[in-house]
Amino acid sequence: YWRKSVENPKANPPHYPGITEPEFAPHPYANLFDRLPDDQLAALAEDIERTGQLVPIQLYGGRILDGRNRYAAIALLNQHRKQKGLKPLAVRYGIYLDTESEENDKLAWAFVRANNYYRRLTTTSII
């Protein structure tokens with residue numbers, strides 16, 4: 001059932017969050033987990049500036065299934081880079097599942113849960 005994230009040309013057009021459209025909305029499953037506070041988002045942006053984007057942002061049905069904090073950090077970073085006259089960073093995407101369906105929704109939830117539950121402090125009320 002699991003699809004490996006691949007460099008897919010359809011999922012990886014040159015896209016610079018914070019600079020160019022489209023802006024991808026988070027999937028409702030991603031919104032079940034807290035966003036990073038501003039100070040941690042800034043720290044993530046600094047880390048991406050140093051090391052690059054190591055993990056692709058996963059899309060499902062045209063929305064961000066996993067990686068919305070990375071996406072927001074890159075948008076913040078690009079706004080700062082633009083102010084300094086530097087080239088923006090493009091985002092790397094993977095497509096977890098192409099189309100939404102009842103079966104794919106189950107897989108998408110399993111993916112989000114596996115990627116977020118154990119690495120975050122959270123309550124069990126959303127699980």
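The values are calculated or read from the model by the stated rules, or taken from the named source; none is laboratory data. Just so we're clear, the structure is a prediction, and the values are computed from it rather than from any experiment. All Cβ positions, glycine included, derive from the backbone under ideal geometry; neighbour counts span all protein chains shown. The accessibility values were calculated without ligands, DNA or RNA, using every heavy atom of the protein model including side chains. Shrake-Rupley method; radii C 1.70, N 1.55, O 1.52, S 1.80 Å.
Starting with the highest mean, order 38-46, 63-71 by the number of other Cβ atoms within 10 Å, averaged over the residues of each peptide.
63-71, 38-46
Send over a whole-number figure in Å² for the accessible area per residue of the stretch 10-97, probe 1.4 Å. Mind dumping the intermediate values first?
Numbers: 4610 Å² over 88 residues.
Roughly 52 Å² per residue, with all protein chains present.
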